[in-house]
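The values are calculated or read from the model by the stated rules, or taken from the named source; none is laboratory data. Everything numeric here is computed off the predicted structure, so don't read it as measured data. Using ideal geometry, Cβ is built from the backbone for each residue, glycine included, and neighbour counts are taken over all protein chains shown. Accessible surface areas use protein heavy atoms only, side chains included; no ligands, DNA or RNA. Shrake-Rupley method; radii C 1.70, N 1.55, O 1.52, S 1.80 Å.
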Amino acid sequence: MKKYYIIKHNIQGRLRIKVTLKNLEKNWFEKFENKVSNLAGIYFVRSNTACRSVIITYNKQVLLAQQLLDFLDGTIKPQKLLLQPIQEVCRECKTCNIDAEENLIKPALTRFSILSLVTGGVFIRNTLMGIAVSQTFLSPLGLFTTAFSLPLLYNGYKSFKKKKFGLDAFLGLGCIASSVTGQALTALEILWINAGADLLQAWITERSRKSIANILKQTTHHTFKLVDGVEVEVKIDDLKKGDIVVLHTGEKVCIDGEIIDGNALIDESPITGRTDFIPKNIGDKVLAGTFIRHGIIYVCADKVGDETYLSRILCLVENSLKNQAPIEQLADKLARNLVRLGLIATGATFFLTQSVWRAFTVMLVMACPCATVLAASTAVSAGMNAAAKKKILIKGGKYLETVGSANCICFDKTGTLTTTEPELVDIKLLKSDDRYYLSDDSKNLSQQEGLLQIIYSAETHNHHPLAVAMTKKAKENNIAPIAHTCCEYFLGMGVSATILGNEIIIGNAKIMEQHSINIQLKEVTEYEKNIKDNGQTMLFVAKNKELIALLTFDNIIRPEAKEVIQMLKNSGIKNIYLITGDEFYSAQKLCENLGIETFYSSVMPEDKGSIVKELQEKHSSVIMIGDGINDAMALAHANIGIAMGDGGSEVAVEAADITLVDDKLDGIVYVHALSKQTVKVVYQNFWIATGSNIAGLFLAAFGILSPVTAGLLHIAHTVGVLANSTRLVYYEHKNDNKKLTK
């Protein structure tokens, strides 16, 4: 049976649905309320026609949610079952739409396609069918090439107004001169190769621009606002300062504000990088972009829309991306020199030989430095292809070029050098008797295994990251849990469970104090000090009001991290820094383990960007590697930003120039080496292109080359450049396949 509603919220005793039907009769919602109100166990029914929503509260002892849903499916029969697709619910939301900025690919693709069709037609007619094509200025081909040369002249005019003389003007003049002198085919060739290069550049640029729209998905499109004591679904864009927003478990916070009622565990890792969930109560602040992992809170909105902390970070990131000074590509430098050389050579040839024909041939040789233009772009494309095979996404050629010249690298900690999952790394037993066994059957286990069984039995239904780490450890030791009689979770503190008549409590110091369990023991104090010095997390385990064990947790260091840092040092990068929001001792311990000399701890997101700027004053080029929203500013400010793509936030991936799709740190070593090799191949291509151009210049000046042969020269050295660049597609760094030590 087709459903005509979406379940928006479903907890025991309360149900919210959103009707997705179109063309409902005027009083449909009123009739709906009356029918549902007649059901036994219904406390309250309220509909909101503007939001097309219905809220139902009911006695969970009398009526089950599924019974209510079955009633809605089987009894309420709307007149017209014209279902509105679920995707249409947020059609009007502007944040769902792709950024409406001018698309760079479309005009470049259109130009290249038209030129390709004409070039293909001329080739078929002239070569395959043997029918000569008129190349005079007033012929269809001559007029066509002249028309397509005008945009190049216009671009050249704009450059000239800025006191620059670029390649476009010279190409445009060369094409028009070719058409005027009856060499329209040569002009067509120049235009076609130039359009191909423009399309390649547009494609690389547009890939980055389109993903900007995805940043807005860091907050949801709709939320619930408290109106006269009732939750009403509203669009995020409609929220105002002072509104009371209701946030439930699993939802993403969409405003900055203060909690006025309720409590919850907040996941702030997208903003601060901290992996532990933070308990928040009345009076505490919450930020947009964080998550409610457990609980319900009522938040008075202080900042909404573009004023939220998250939006300000995104705005700064976007501005940083736009304001980055573009790296001048090597091909452009050489092209400008060729432009000057071409002008001088053309004039000198005419002056010395008094031959218009020779001077024109020299101009054709120098007017289309096709191989020079492609020398960098083809090598970069091949390099990016090679990186893609290693699951490394590079957003543009300039980033591939720059990353190899960097002499400073900054790492984020959580999610970059470590995973985001905590690990149970140590268990300290405080007793030496049968307190670690729940039953006689458990005594075949060691004391530590018995403790793991206690933990597993109490935490088996808990999805907190620390609980998951505990149950994972038990599973690795093939420990089976025992069913608990009852279990209660204490927000931000821990869990209490009854197992075979034993009261088990696992959690932090607060829950132990709440249950009057003494933790002020000498061995606990000494152990806890060591834990804090190492930047780790500690939990207590108590059985029947007595402390029996201490548990230590730490983030898992990526197995390849230490080896990668050493390989980077071997490759010439001596300045390696850690920049993290974690506390001092945690950062210090990690640096000692990985061989990083300098670190910055307890750093806020905006401060990370400032630190990167300071390091740029000391070092010529800085790479920043991170994964969260808190890293976005630093990624944007760095000369090269590298994001961890698999577990990284959308904002970090967008702000970065390079993304490690599979989160393997050794990709940094590979892309650093690939960059150096790519630049090396580019220089080789320059020698091929420039050498053949200069050779062609002298041959044309001495009358050995004709205009047609000049065109063939373009094709020959272009093929040579392409062949040399293709070698990069199969590039393998000597350490790429090396087995990394753990």
Sequence of L491, L173, L635 when ordered by accessible area, the most exposed leading, probe 1.4 angstrom: L173, L491, L635
Take peptides 499-507, 471-479 and line them up by average Cβ neighbours within 10 Å, highest first, as a rough protection proxy. 499-507, 471-479
Rounded to the nearest 0.05, what FRET efficiency is calculated for E617 and L117 with R0 set to 51 Å and r the Cβ-Cβ distance? 0.45
Karplus-derived HN-Hα couplings along segment 584-593 (A = 6.51, B = -1.76, C = 1.60, θ = phi - 60°), whole Hz, x at Gly and Pro: 4, 5, 5, 5, 4, 4, 4, 4, 5, 5
Would you pull out the residues with amide H under 5 Å of A549's amide H, same chain only if 5 or more places away, H placed 1.01 Å from N? L430, V541
One finds, for I6 and K510 with R0 = 41 angstrom and r their Cβ-Cβ distance, a FRET efficiency to the nearest 0.05 of 0.55
Fully extended, how many nm does the chain gain between E597 and W687 (0.36 nm per residue separation, minus their Cα-Cα distance)? 28.2 nm
Model label zone, K431; criterion: amide N under 16 Å from point 7 Å along Cα-to-beta-carbon; scope segment 541-566: 541-551
Take peptides 437-443, 292-298 and line them up by average Cβ neighbours within 10 Å, highest first, as a rough protection proxy. 292-298, 437-443
Computed accessible area, I6, all protein chains, 1.4 angstrom probe, square angstrom: 30
Determine the order of H461, H515 by accessible area, beginning with the largest, at a probe radius of 1.4 Å. H461, H515
Derived scalar couplings ³J(HN,Hα) [segment 497-507; Karplus, 6.51 cos²θ - 1.76 cosθ + 1.60; whole Hz; x for Gly, Pro]: 9, 10, 10, 6, x, 9, 8, 10, 10, 10, x
If only Cα atoms are counted, what is the Rg of segment 414-491, and what is its Dmax, in Å? 13.7, 45
Using a 1.4 Å probe and ignoring any ligands, DNA or RNA, find the accessible area of K31 and quote it in Å² to the nearest 10. 90
Long-range amide H contacts for Y577: which residues qualify at under 5 Å (H placed 1.01 Å from N, peptide plane, sequence gap of 5 or more or a different chain)? I409, C410, F411
Among K473/K545; K413/K589; K390/K676; K280/K428, which pairs are too far apart, with a Cα-Cα distance over 19 Å? K473/K545; K280/K428
So who's got an amide H within less than 5 Å of the one on A288, skipping anything under 5 residues away but keeping other chains? H placed 1.01 Å off N, in plane. I255, D256, Y309, L310
Here segment 345-354 yields Karplus 3J(HN,Hα) values (6.51, -1.76, 1.60; θ = phi - 60°; whole Hz; Gly and Pro given as x) of 5, 5, x, 5, 5, 5, 5, 7, 9, 6
Which distance in nm do the two modelled labels at D238 and N407 give, with both placed 7 Å along the Cα-to-Cβ direction? 5.8
Which value in nm describes the separation of the simple spin-label points at I260 and I694, placed 7 Å from the Cα toward the beta carbon? 7.7
At 0.692 mPa s and 37 °C, plugging the Kirkwood radius over alpha-carbon pairs of segment 469-523 into Stokes-Einstein gives what diffusion coefficient in µm²/s? 257
Gain in length, D607 to K574, computed as 0.36 nm per residue apart minus the alpha-carbon separation, to one decimal in nm? 9.6 nm
